[in-house]
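Nothing in this text is a laboratory measurement; each read-out follows from the coordinates by a stated rule. Model, not experiment: these values are computed from the prediction. Note that we place each Cβ from the backbone using ideal geometry, even for glycine, and neighbour counts take in every protein chain shown.
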Amino acid sequence: MKRAFFLMLGIVVSIGCFAWSLRGTDTESLKAGFANANYWTLPIMLALLFGFYWLKTWRWQLLLAPVAPLTIRQLFSPMLIGFAANNLLPAHLGEFIRVFFVRQKHGVPASTVLSTVILERIFDVLSILTLFGIGLAFTDDLPDHYRHYAMLLGAAASGVVFAVVIYLVWTEHFIGMVGWVLSLCPFLPAKLSTGLVGMLRKGGDGLMALKSGKVVALVVVTSLLQWLLNGLIAYVALWAFHIDVTPATGLIVTGVTAFGVTIPSTPGYFGVIQMCFEVSMRAQQLKPDPSFVFGSSVYYHMSMYIPVTILGLYFLQQSGLSLKDLQKASEKPSEAPLVTVPE
């Protein structure tokens, strides 16, 4: 019942976002936008997309290296399978699915792999906020309240950084502090509190990579570069539809989209991405033809959705599993079948 509720909620949200993003568009303008778009930009966007996922896989390899010295080639297929699953399955199950792949294939504890995924998200948030701030800095006539919200996000990101630093440097003290805070919350189930503390303790092994200054620098650089490439994909998509913007707009679109896709929606974030493009244009007080903005958002969306889904399904087929198997594995890890990932 709960799953059906969230599925229906996602469908309603996606339909609402689509309807909102279509305001001001008309059929003839949409046809003209798609007819006159520069599709020679597609190879550029695909090259940027490959760079995005290659950097993302390299960063994952760096985080796993102390406990599982795997190669980029070994991790690339689980990465793509996970993101393809996000495109096809509800509830962002792709993150858990790639955790199970690495656990089953290479024997790495799930809690350790999950800790690296959590770290990825932290560095993603920090990188997106950094590039979003750079985009804002190079954008004229931005409303003051948008700058205010950006500063609040920056403050929140700084708080996350501070917590991560404490966890890295004083791991046991941090875990003890978390345990103490949880003990002050009697309404929380004891199993949840114990599980969280246990995950933090086991996950400490997965954080060993960040005790090296060189690795930290590489993780930061790869995080910034991958989201810079994502911003360039958005910029190229807008440029392909003859919308006069700068690369800074691409960074802003990436920032808005990255946080927009966290709201409940259908797998693949249909409607949400289209709405985020329109919100980004309005936030910068840009007034291109709404039909062209919508067209560029579809171009951006499909240039990533289709190749990632196809490649992910290919790697999945090579492993001998199905999406149903993966969904079952993500929900009941103890029943997950042995995974054979092509290397």
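May I ask you to evaluate 6.51 cos²θ - 1.76 cosθ + 1.60, the Karplus curve with θ = phi - 60°, for each residue of region 47-56 and list the ³J(HN,Hα) values in order in whole Hz, giving x for glycine and proline?
5, 5, 5, 4, x, 4, 6, 5, 5, 5
Would you mind pulling out the separation of the Cα centroids of region 19-50 and region 224-280, in Å?
Between the Cα centres of region 19-50 and region 224-280 lies a distance of 13 Å.
So the label point goes 7 Å from the Cα of ILE306 along Cα→C-beta, right? Which residues of region 8-35 then have their backbone N under 20 Å from it?
30-35
Once fully extended, how much extra length lies between ASN36 and ALA4, figured as 0.36 nm per residue of separation less the alpha-carbon to alpha-carbon distance?
Taking ASN36 through ALA4 to full extension adds about 7.4 nm, to one decimal.
At 7 Å along the Cα-to-beta-carbon direction for both TRP170 and VAL216, put a label point, then send me their distance in nm to one decimal.
1.6 nm
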